[in-house]
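Quick notes on the structure that follows.
The values are calculated or read from the model by the stated rules, or taken from the named source; none is laboratory data. Being a predicted model, the structure only gives us computed values, none of them experimental. All Cβ positions, glycine included, derive from the backbone under ideal geometry; neighbour counts span all protein chains shown. Calculation scope for accessible area: heavy atoms of the full protein, side chains included, ligands and nucleic acids excluded. Shrake-Rupley method; radii C 1.70, N 1.55, O 1.52, S 1.80 Å.
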Amino acid sequence: MFYDPRTEPHGLAHNPWLSLVMPRPIGWISTLSPDGVANLAPYSYFNAVSGFPPFVMFSSAGRKDSQTNVEATGEFVANMAGADLKDAMNQSAATVGPEVDEFELTGLEKAPCRNVSVPRVAAAPVALECVLNQVVPMVARDGTKARSEIIIGEVVGIHIADSVIVDGMLDIKRIRPLGRLGYMDYVIVEDVIQMMRPGT
Ligand SMILES: Cc1cc2nc3c(=O)[nH]c(=O)nc-3n(C[C@H](O)[C@H](O)[C@H](O)COP(=O)(O)O)c2cc1C
């Protein structure tokens with residue numbers, strides 16, 4: 001099948017869009033409001049986009065609390081959710097007001113960061129401390145403005161739980177990272193294969 005998303009309906013029973021680029025990592029974004037209320041929410045339009053200096057991005061469909069807080073304070077943390085944290089991750093996606101601290105809502109413990117004032121998820125195997133680099137709007141050629149904007153952060157601090165480091169490498173079987181598929185589906189990464197690049 002083929003469809004032009006600008007002009008044609010996909011014709012399927014369910015919108016396939018989120019299944020077309022998958023699995024997507026989940027950036028579990030923690031922020032602080034200017035009043036000091038912590039916020040936590042998952043974003044699967046999320047990725048690492050540069051190695052050095054390291055940058056990550058997430059994209060918010062509408063100006064949600066996370067984006068509002070990042071724009072106000074210039075800081076966020078991208079926490080990683082392992083399979084053990086799947087229910088808390090899902091619960092933190094609840095649509096609640098900015099006065100609600102999702103750490104308290106989910107019962108998750110906070111841990112301090114070093115180079116940003118935002119708290120991180122203590123139980124997360126990995127947490128990336130970020131400072132806002134830029135917010136990028138997306139405008140189609142015909143002038144249609146996307147609801148989403150890309151929030152790009154420079155990574156200024158990296159936490160890795162000692163418990164997931166084995167022989168100097170992150171052990172995927174100890175992390176069991178959660179990925180987002182389409183629809184209401186997720187994947188737990190447990191199966192690892194290795195391939196050498198041609199010529200190596
Ligand atoms: C796994 C998962 C991934 C999500 N990814 C996104 C995303 O990439 N962009 C977005 O705007 N909302 C996404 N959402 C929805 C937000 O998490 C939800 O709207 C949340 O309430 C936003 O919280 P905030 O207002 O505190 O930022 C996702 C939800 C889940 C469960």
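Close Cβ contacts (under 8 Å, 6 or more residues apart or on different chains) running from residues in the range 61-86 that are touching a residue at least 12 places away in the same chain (Cβ under 8 Å) to residues that are aliphatic (A, V, I, L, M) and assigned to a helix (DSSP H, G or I) comprise 76/70; 80/175; 81/88; 81/89; 82/175.
Scoring residue 161 on the criteria (1) open to solvent by less than 50 Å² (accessible area, probe 1.4 Å); (2) within 16 Å of the chain's Cα centre (by Cα) leaves a single failure, condition (2). Scanning the range 150-168 for residues that are away from the ligand (no atom under 16 Å from the Cβ) and within 26 Å of residue 131 (Cα to Cα) turns up 154, 155, 156, 157, 158, 159, 160, 161, 162, 164, 165.
Applying the criterion of being touching an Asp or Glu at 6+ places or on another chain (Cβ under 9 Å) and open to solvent by less than 30 Å² (accessible area, probe 1.4 Å) to the residues of the range 89-101, the residue that is nearest to the ligand (Cβ to nearest atom) is 92. Residue 2: surrounded by fewer than 14 Cβ atoms within 10 Å (Cβ to Cβ), out of contact with any helix residue (DSSP H, G or I) (no Cβ under 7 Å at 6 or more places or on another chain) and at negative phi, yes or no? Criteria met by residue 2.
Out of 66, 59, report the one residue that is of a type outside the set (A, V, I, L, M), part of a strand (DSSP E or B), open to solvent by less than 20 Å² (accessible area, probe 1.4 Å) and touching a strand residue (DSSP E or B) at 6+ places or on another chain (Cβ under 6 Å).
59
For the range 83-200, the strands (runs of 3 or more DSSP E) that sit wholly inside it and include 1 or more residues that are of a type outside the set (D, E, K, R) and under 17 Å from residue 69 (Cα atoms) are 126-139, 145-160.
So which residues in the range 24-46 are free of Cβ contacts under 8 Å to residues at least 24 places away in the same chain and farther than 13 Å from residue 99 by Cβ, if there are any at all? Talk me through it step by step, then tell me what you get.
So in the range 24-46, the residues free of Cβ contacts under 8 Å to residues at least 24 places away in the same chain come out as 35-36, 43.
Hit for the range 24-46 is 43, nothing else.
Please work out which one of (1) of a type outside the set (Ser, Thr, Tyr); (2) away from the ligand (no atom under 15 Å from the Cβ); (3) open to solvent by less than 70 Å² (accessible area, probe 1.4 Å); (4) touching a residue at least 40 places away in the same chain (Cβ under 8 Å) is the condition residue 122 fails and give its number. Among (1) of a type outside the set (Ser, Thr, Tyr); (2) away from the ligand (no atom under 15 Å from the Cβ); (3) open to solvent by less than 70 Å² (accessible area, probe 1.4 Å); (4) touching a residue at least 40 places away in the same chain (Cβ under 8 Å), the lone unmet condition for residue 122 is (4). Just one of the listed residues (74, 27, 82) is more than 21 Å from residue 124 (Cα to Cα), open to solvent by less than 70 Å² (accessible area, probe 1.4 Å) and of a type in the set (Gly, Ala, Ser), namely 74.
Have a look at 141, 174, 147 and point out the one that is within 16 Å of the ligand (Cβ to nearest atom), open to solvent by 70 Å² or more (accessible area, probe 1.4 Å) and either more than 16 Å from the chain's Cα centre (by Cα) or closer than 25 Å to residue 61 by Cβ (or both).
On the way: 141 fails: within 16 Å of the ligand (Cβ to nearest atom); 174 fails: within 16 Å of the ligand (Cβ to nearest atom).
On inspection, the qualifying residue turns out to be 147.
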